Each structure stands twice: as structure tokens, then as C-alpha cells.
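These notes are about the structure you will find just below.
The values are calculated or read from the model by the stated rules, or taken from the named source; none is laboratory data. Predicted model, so just to flag it, every value in this text is computed and none were measured. Cβ coordinates were reconstructed from backbone atoms using ideal geometry, including for glycine residues, and neighbour counts include every protein chain displayed. Just so you know, the surface numbers come from the protein's heavy atoms only, side chains and all, with ligands and any DNA or RNA stripped out. Shrake-Rupley method; radii C 1.70, N 1.55, O 1.52, S 1.80 Å.
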Amino acid sequence: MPQVSLVNVGKVFPGNIQAVDRITLEIRRREFLVLVGPSGCGKTTLLRMIAGLEDVSSGQIFINNKLVNDVPAKDRDIAMVFQNYALYPHMTVFQNMAFALKLRKYPKAEIDARVNDAAALLGIQGFLKRKPKELSGGQRQRVALGRAIVRKPTVFLFDEPLSNVDAKLRVQMRTEIKKLHQRLQTTIIYVTHDQIEALTMGDRIVVLKDGQVQQVAEPDTLYHQPVNKFVASFIGSPPMNFFNGTVILLDNKLYFQNGSIRVRLSDAVVPQVRPYANREVVLGIRSEDIYDKLFASEASLDNTVRAACEVVEPMGAEAYLHLRSGSDTFIARVSGHARPGINQDLDLVFDMGKAHFFDKDTEKAIL
């Protein structure tokens, strides 16, 4: 049974600006669902409509099978964690965490118990008497989480909660929020523009663009089976490489060809791609599926591409090679020990068993 259901939900702002366009979605009970997409795609607006902070222009929102379109935010049994923490600077950590419970006139003993339990869960017991200005960014974020936890809501809503913390702390907080979800066993809807956060945290991910859902799937499915070029480009770091070219038939075999590249299609995709013979398509391949010819199997040598290395980005255990072949540029991800010279020509092999093909006009995957 879904915890939250959206049925053809839309939002139009003044000036006929369509921020959210007829989204239908079911969020399962105890699921960690991530809404991801570029700035302006509608993910925060959608979250605010679920929270009751934004009116719905069309469609219906259900929480626990109850229609909540006209239910005020305070009565929806949800808790929201914001990007900017939204802590009261004149209150202590304890007072910040207890504030919502006091407004609801909970007994003092229960307030104390809930705040102390949440503080223990988050490791901030020693900070309960401090003011927010005396805390680090990570500690303030934990207080914001604690303020939501003490309410024991049906659904947690997170609006880019890690955007204001540094890179190292962001990695740590991702893990802590995921552990928190496992302990609390509650439903979380999490908004981010960071696809790494989405891949590492979500049970399922909703990819949004221009107010519309592009794909809803588990992280591995999104990465390996994107339904269109946008999802393929947005999910993954570095992004997928794309090449415009034509499918040609040579000696009863299908090849992808453009000005500088000719590679043979794997047998697995031939039935789907055959109707595109002599037509333009887009070839997509991820950086880790491009190998040095020295490490490629004999069977894949037909798919060798010569390219010049323009930039080497050392990343520690691996390196990103920025390459050029004719007018095409692309990135290969290789061992950190690989350090070719700038403008050095390399023979690289495309693993066509892991390649993707997209319709040039619709940008949909050729499945």
C-alpha cells in the first residue's frame, strides 16, 4: 500500500509558468524516494505541494489514502528538513527540538524523552544547552534532523539538506541519513540536484526535467537502462559520452559510423537497432566502458578508436582522460597509474556490449 500518492498533480505559477506537469507517482511505505533533476525542474515545488506549503493547481495528493489537497500543512503528519536548517537562533538546541512538541502541548516528560532519544540517535546529547551559533554546520544539520524526528511523523520531507555543508561532511551526512532511515523505518522523500546523492541514497529515484517525470527506477536500473538521452546524461559521473552517427550494414553486420569512428554493434542489440539501418542515431557509452587496446579482448578489437589525449584529470585511484577523435570529444575512466602524454595518440576499444543507442529525433532509448 502506498504511503503517498500523487495523481496527475500539476502546478502553474502566475504568468502561465508550468512548474509541475501532470505527475502521477506512488511512494511506498518505508521507502527512501529521491527526486532529482537540474535547477528549475520542479522537484522542490513538488515537495512543497506534498508538505502543504504550496497549493495544487490540478490533480490530487493522498497521504495514507486520505485526500489532503485542502488539509493544512500542520495537519498532514509530515516533517520537513530544509536546506538552510531554519533553526531559531535565540533558542538552545533542546528548545529548538522541543518547540513543535510544546506547540502541540505534549507533556513535559514526553518532550524530554523524545528530545533525549533523538539527540542520542544523532550523537548530539552534549550540545543540548548550546545555541545554534555555537555549532558547526554538520551539528546544525543534525539538530534540524532531530527537530523532525521528535515529531515521529508519517513522512519525512528533505529539501536539499546537504547543499550548505562541505564536501567531506556531505559524504558523512549521506551515510548518517541512510542509517537513520534504516533505524526509523519511515517514509522519506528527498530532493536533491546531486545525482551522486540520488544514486547512493535512494531506494528508487525519480528523474525530473521541465516539470515532467523522465524515469522512475532503482539506482542500478537508471544507470544501466536509461529510457532517454537526458537520463543517460544526467545520471553518472562523468556523464555518458554521446556520438552522432549512422547505422550502416557491412558484410551482414551492423556498424555505427561517423567521421572518425566505426564500431560494430553487439549481437544483443542488432534486432532493436536494425530498423535504423542507414539512419542517424546517437551512440552513448560510459567512460568506464572505454579501454586501452592492450587490455581488450581479441573479439573486441573491431571496435578500436584512435584518439588524442587532451587533458588528464588525476582522481587518485583512477584518472579521467579527455580525448578527441576527429570532431568528437569524450572521456575515458582508467586506472590512476595511466598517465599518457598530452596530445599523445591512443588506441582505445569501445565495449559495445555496454553501449546505448538513442533515436536522434525523440532522444528515446532504442530498446
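Some points to look at:
- Test result for Gly126, open to solvent by less than 10 Å² (accessible area, probe 1.4 Å) and part of a helix (DSSP H, G or I): no
- Annotation note: Cβ proximity below 7 Å between a residue of region 232-251 that is closer than 14 Å to Ala355 by Cα and without any contact (Cβ under 8 Å) to a residue 24 or more places away in the chain and a residue that is open to solvent by 30 Å² or more (accessible area, probe 1.4 Å) and aromatic (Phe, Trp, Tyr) (sequence gap 6+ or interchain) occurs for no pair.
- Residues of region 54-93 classified as part of a helix (DSSP H, G or I) and open to solvent by 50 Å² or more (accessible area, probe 1.4 Å), total: 2
- Selection within region 337-367 - closer than 29 Å to Glu318 by Cα, in a loop (DSSP other than H, G, I, E, B) and of a type outside the set (Val, Ile, Thr): His337, Ala338, Arg339, Pro340, Gly341, Asn343, Gln344, Asp351, Ala355
- Checked against (1) over 30 Å from Val206 (Cβ atoms); (2) in contact with a strand residue (DSSP E or B) (Cβ under 9 Å, 6 or more places away or on another chain), Asn252 passes all but a single condition, namely (2).
- Against the criterion of being touching a residue at least 60 places away in the same chain (Cβ under 8 Å) and over 25 Å from Arg76 (Cβ atoms), Asn164 qualifies.
- Some residue of region 5-17 being surrounded by 14 or more Cβ atoms within 10 Å (Cβ to Cβ), more than 27 Å from Lys209 (Cα to Cα) and either in contact (Cβ under 8 Å) with a residue 12 or more places away in the chain or among the charged types (D, E, K, R) (or both): no
- Some residue of region 202-209 being outside any strand (DSSP E or B), closer than 22 Å to Arg48 by Cβ and more than 15 Å from the chain's Cα centre (by Cα): no
- Exactly one residue out of Thr154, Thr221, Thr175, Thr246 is of a type in the set (Val, Ile, Thr), under 13 Å from the mean Cα position of the chain (by Cα) and surrounded by fewer than 17 Cβ atoms within 10 Å (Cβ to Cβ): that is Thr221.
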